[in-house]
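Notes follow once the structure below has been shown.
Please treat every number below as a calculation from the coordinates, not as lab data. Treat the numbers as computed from the prediction; the structure is a model and nothing was measured. For neighbour counting, all protein chains shown are included, and Cβ atoms are generated from backbone atoms with ideal geometry for every residue, glycine included.
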Amino acid sequence: MKITVNGGHYPGLDPGAVGPSGLQEAVVVQDMMNKVAGYLRLVGYEVLAVQKNELYEITDTSNLYGADLFVSIHCNAAASSLARGTETYCYQWGGEGAKLAQFIQNQVVSSLNTVDRGVKTANFQVLRETDCPAALVETAFISNPEDEQLLADPVKRDEFARAIARGITDYVAWFTTG
């Protein structure tokens, strides 16, 4: 099983969303990406961790790698600092990407007790242009002070990473026995 794990945005070039304290999405998700990749390697998967500035570079790299699954990790943001919680995206309903997204969503919400904003569809390039089932997880709202505290805490980041990795392994177990 070959899995691509993508940390959204790119430290130093594209910080992504920035929280009230100055915490940068690109830095947070880079840490989570590396941890998810490490946990997946521990259970025997081949993993490509990729964080590039251009979206086409991410999808092209994953497709050339021959990934069986693709997961992109992000922090959400909203104009209102009241928005909070976790949501996970797939390209369309009914496909394997939707099932992967649901497994990841379930694990993150149950493990971190974040607000469950559900699984949604989106026409994101990283979901649309990958050659395998793909999901994009918005771990928490960096624009919300309480969610930002979760994202700033190294222990909580590790919990997010473990939950994402478990969601992926839950999907693989379901897929191989389903």
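Scanning region 149-176 for residues that are within 19 Å of GLU87 (Cβ to Cβ) and among the hydrophobic types (A, V, I, L, M, F, W, C) yields LEU150, LEU151, PHE160, ALA161, ALA163, ILE164, ALA165, ILE168. Among the helices (runs of 4 or more DSSP H) confined to region 62-168, the ones with at least 3 residues that are of a type in the set (A, V, I, L, M), crowded, with 17+ Cβ neighbours inside 10 Å and within 12 Å of the chain's Cα centre (by Cα) are located at 96-112. The number of residues in region 9-59 that are basic (Lys, Arg) and over 14 Å from the mean Cα position of the chain (by Cα) comes to 2.
Tally up the residues in region 11-56 that are assigned to a loop (DSSP other than H, G, I, E, B) and among the aromatic types (Phe, Trp, Tyr), please. Within region 11-56, residues that are assigned to a loop (DSSP other than H, G, I, E, B) and among the aromatic types (Phe, Trp, Tyr) number 1.
Going by what's in this entry, would GLU57 be described as in contact with a Lys or Arg (Cβ under 8 Å, 6 or more places away or on another chain) and surrounded by fewer than 17 Cβ atoms within 10 Å (Cβ to Cβ)? No. When residues in region 54-88 are screened for being farther than 14 Å from MET33 by Cβ and in contact with an Asp or Glu (Cβ under 6 Å, 6 or more places away or on another chain), 5 of them pass.
Restricting attention to region 89-104, does a residue exist that is polar (S, T, N, Q) and within 19 Å of ALA37 (Cα to Cα)? Show your work before the answer.
Here is the first cut: in region 89-104, the residues polar (S, T, N, Q) are 92, 102.
Checking which are within 19 Å of ALA37 (Cα to Cα) leaves us with none.
There is no residue in region 89-104 that is polar (S, T, N, Q) and within 19 Å of ALA37 (Cα to Cα).
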